[in-house]
Structures are given as structure tokens and as C-alpha cells.
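Reviewing the structure listed below.
What follows is calculated from the coordinates using simple rules that are stated; it is not laboratory data. The shown structure was predicted, so the numbers you read here are calculated from the model rather than taken from an experiment. Note that we place each Cβ from the backbone using ideal geometry, even for glycine, and neighbour counts take in every protein chain shown.
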Amino acid sequence: GGTDARDRFELVEHFSQFGDVQDVEVLRERDHKTPRGFAFVTFQHAAAAARLLAQPITTLGSSRMEAKICLDPKETLSDFALRYQSELQAPPPPPSSA
């Protein structure tokens, strides 16, 4: 939460410090297309998400953002942990330098 009017590219650049970003989706109001104040960030590797979640408060400019886990509605946190267990236990891959 806390994305305000940030654009997708700015968020990709910011969150890339934690690992390779696969996708960013900034949520917008249906009627006005104004930002709703949060976005979904998908990392290529679970280890990057774990790195971010270890310190879930991050700042971009003057915006303070809080990272939270978002799971598929059919998936429990236990399912998530089991699916990514080996990757989460491995050292996080460094972000690629682009």
C-alpha cells in the first residue's frame, strides 16, 4: 500500500533492488481511472519477495509503502511456503543489473 500516483515503471525500478521484478500492476478506480493507492508486485523468484518482506516498509520519494503477501485465493500460506520452500531456503539471487 501507499503507491499514490506512482507509475508502473517507477515501481519496477524501486522494487528491483530486492530482485528481478516480473510484473507490476497499479490498481485504479473503475470509474475515474485514478490510482487506488496500492499495486501488486510480482517477483521472478520467491527469495526476492522474502527479502522485501523481511523489512516490509519501504520508501519511494516521500511515499511510505508497506509490502504484504498476496496469494492466489485458492492457495494458503502453508501451500505457498511448501511450494517455495527450497527456493526460500536458498540464498536470494542478486538483482540483475539492467
Picked from the stretch 38-57 (must be out of contact with any Leu (no Cβ under 7 Å at 6 or more places or on another chain), surrounded by 16 or more Cβ atoms within 10 Å (Cβ to Cβ) and not aromatic (Phe, Trp, Tyr)), the residue farthest from Phe18 (Cα to Cα) is His45
Here the residues within the stretch 45-80 that are within 19 Å of Glu10 (Cβ to Cβ), acidic (Asp, Glu) and free of Cβ contacts under 8 Å to residues at least 12 places away in the same chain are none
